[in-house]
Structures are given as structure tokens and as C-alpha cells.
1. Which whole-number percent gives the relative contact order of the stretch 5-91, counting Cα pairs below 8 Å spaced six or more residues apart?
2. Suppose each label sits 7 Å from its Cα in the direction of the beta carbon; what would the residue 464-residue 95 distance come out to in nanometres?
3. Please arrange 332, 226, 284 by counting, for each residue, the other beta carbons lying within 10 Å of its beta carbon, fewest first.
4. Translational diffusion coefficient, Stokes-Einstein: compute it for the stretch 5-91 using the Kirkwood radius over C-alpha pairs as Rh, at 37 °C and 0.692 mPa s, and state it as an integer in µm² s⁻¹.
5. Between residue 437 and residue 152, what is 0.36 nm times their sequence separation minus the Cα-Cα distance? Round to one decimal in nm.
6. May I ask you to order 375-386, 453-464 by the average number of other C-beta atoms within 10 Å around their residues, highest value first?
7. How would you rank 183, 158, going from fewest to most other Cβ atoms within 10 Å of each one's own Cβ?
8. Residue 29 to residue 399: extension gain in nm, 0.36 nm per residue of separation minus the Cα-Cα distance?
């Protein structure tokens, strides 16, 4: 098997550390994502002849398609597993089988605003006011630790959100003294909430005392030749350590992870294709998202040196456009973005006596990319000209044929599909599209959850926001008592009773 010099140099630079690797084909597309306890040993196997190549057709096809690879070092094997799953869902490589579905790692969830908080397992993190722990790569270790936490802190393990008192006589947890049975007021809500918060601290890693206690019990059982008991304690201790180990959860892709084989090369190629005087170090991309003229939003993504600069992402609600008008929406968001940058530059002018235009606190981009064709491009250019920023290069990327539209050019520019410059523009466009759609979906879900409160007379935005902040959702608000609703600022006993009756009627 012939190994290119670039790959051979990368193999020599690989560390003997845990991490993930991404295999790419000649079009720079990610075709496989893997994890490794030792990166150098694992990745080197793909470029060494072996018998397996003769009978494993999938491996043979993969190795023949590899043109380059990227890697990212992590601290531990569990981190590598979490990041591998995250990347497979991000890139959908064709040679990966695991993690291709929408199934995710398990998390622990507890909502301290519930009448009787309880820990439960979930795979989806929502914005419902609950507290989440995880995700955890080892589900069996998590389940064992959850059972230990419930027994140690005497917490609920039953399914009902608010158990009725009649359920107590059938409650095995209460009879075995595993649970303090707050459902029948054996303890007050404040006392039980203290137990739950102590369990949260335990799951945050404050469990050294428990680990020492389990280790001591294990050693005593082994000394007494109670080997089965010692093995159970050993597994419980190992599961506890795995669950409470400090692990990077990778809610976002790490900035140091390469998303292109050579971003500098792609930027240089883009500058040549567009006739720019230098490679654009800062690129800003815009996209509009709306459904039938409702929930009109826009997104701004920023790429610096060919990589996402997420600290400078922005989301906009379209304020001045009626109906479904993408051109006017694009004009509004471009106007708002750069008029603000110019306004901030006048508030903080550069300390210089030389006559030169002010520079904003955040530098103006070297290239602006709008998602769309001539219409969106023309709207953006018109606004930039009004602001005196016509010197900034602007292009539009139309998705159907991946055509690049430029001001003053009648014919669009088409770059080869394998072009690194085109792939860079596609990454900017796709990231702005993802951000806009995510924001649109978030607003739609929020509107659905708030719509029933809008029907209640004299509720107001402040009261509605306070209710949702305290209870997290309409379902939990329905389960709350009149006294609990009355605790919300701005709601008295009469208004709370009226709201409770209103929600009961609209079950």
C-alpha cells in the first residue's frame, strides 16, 4: 500500500494519546470517524498491509478512499467516545454504522421546580428549567450510580410526577425506607429539596467520602472471604468513578478540531477565484429563515481564518418586514449589523491624530456571504452602499447549482465541486442556515408553549415570563397548587385561583 508523503509525516506526528480521527476522501469529505486509546497505533493500522484487507471488503474500500486525515487529542477514552458520537451525527460519514441514528447518550435530569423533584433518565436535553447531568458514555455505570444515589439520599424512584397519598400503601421504596416519602408529607418539601440538592452536589463530583467508604467495605469483604459481596462493591465503586469522572461533554465541537484539511490553502484559493487582494481572514455569512411569513429570523455566522468564530455568531428577529419577503429581510439584517458596528466605532474612536476613518471595536469583515442569488445579493449591496461600506466584497451563494453571484457580474461563477474554496463557502453557508433554522424552531416551540397563557385575561408579558421561569412548562404549571402559583411575583391569591381554574378547564 502506497502512503503519500503528507500522510507519512502526519503519522509520525501522531501522539500516543487517546483521541478521535477523521478520514477524508479526495473531495475533503469526512468518510469515517473513529476513536482510539492510542492514536498513533490505531491510525497507523489503516496504512499497513494486513490479511484483513483480503476478506474485509468494507475496510479495503475505506483505506483505498482515504486521501487525508485529521485528529483531535482528548483527555480520556470516555471523552473520545462522546466526541466520536458527536462528530458522526455532525458529518454522517458513509463508512460509520454506530451513532448514525438519532439515539443519544443517557443523561440524568431533575427539575427542582417540580412539586416533588425526582431524578430520571433521558436522552434529550430541553430548555425546560431542569438540571441535567451528562451525557454519560457508560449507561450501566450510570444506572448503578443512580440506584446508589437514591438509596444514599433516600430519594424517590417511582414514576408518577406527583404521587397520590393512596399510592403510599403500595410504595415499596417507602416501606423499605429507601425513600422519605414526601408524597404523604413525611418530610416537608424544603427538607426533601435539601436531600435532592445534596444528591446534585454528589453527582457534581463531591463523592470522595462515599468512594472511600465503598473501598473500605470492599476490602473488609475480601478479607472476610465474602468474594461475591466484594465483587459487587468493586463494580459499584468502578461505576461511581466512571459516572462522576470529570469529562468534557462536547456540547459544541472543539475549536481546535480541524474542519478542513488546509484552511489557509482554501482561503488563498478563494481569494484567487474572487479576485481579492488577499485571503479573507474574516468572513461573515447571513441567512434568513421564515415559514409562511411567520417567525421571521436571520442568522449571522463569523469565520476567522477559515474556522468558525462562534463567539461572534448573532441571531436577529426581523422587525420591519411584513409578510414573506426574503430580500427586504436580508436588507434589514445587513443594515442593522453594520450600522451597529459603525455606531460602536464612533463611541470608541481609535486614539490617533491621523485623519482616517474610524475602525469598529470588531473589525469589518473581509468578505460577506449571503445565502441566495441575485435578489438577496442586491439587497445587501444596496444597504452597504448607503452605509458607505461598498468597498467590502459581497457574494451570494445559490444552493441549487452552488453558483457564486457577484455584484456587477451578469454570469455566476461556478467552481469545481472538489474545490477547497467552494467547500469553505459551503461551510459558511450551511452554518448560517443551521443557526437560522435552530432559532426559528426555538421560537416556534416557545410560542406553542406560551399560547394558552395568552388566552388568560390580564396576564401580561411579565407575569407570563415569571410563570414559565418558575415552573418551566405549562404541564408543570397545571400540576402546581394555587399556593405555589401565588408565590410568583405579581400574582395574588385571587389571580392564582383564577389561573388554576382556567388551566383545569383547558386540560
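1. 39 percent
2. 5.3 nm
3. By the 10 Å Cβ count, ascending, the order reads 226, 332, 284.
4. So the translational diffusion coefficient is about 246 µm²/s.
5. 98.2 nm
6. Most protected by this proxy first, the peptides run 375-386, 453-464.
7. Listing 183, 158 from fewest to most nearby Cβ atoms yields 158, 183.
8. Answer, rounded to one decimal: 131.4 nm.
We did not get these values from a lab; they are worked out from the coordinates using the rules stated. All of these numbers come straight from a predicted model, not from anything done at the bench. Glycine gets a Cβ as well: all are built from the backbone with ideal geometry, and neighbour counts include every protein chain shown.
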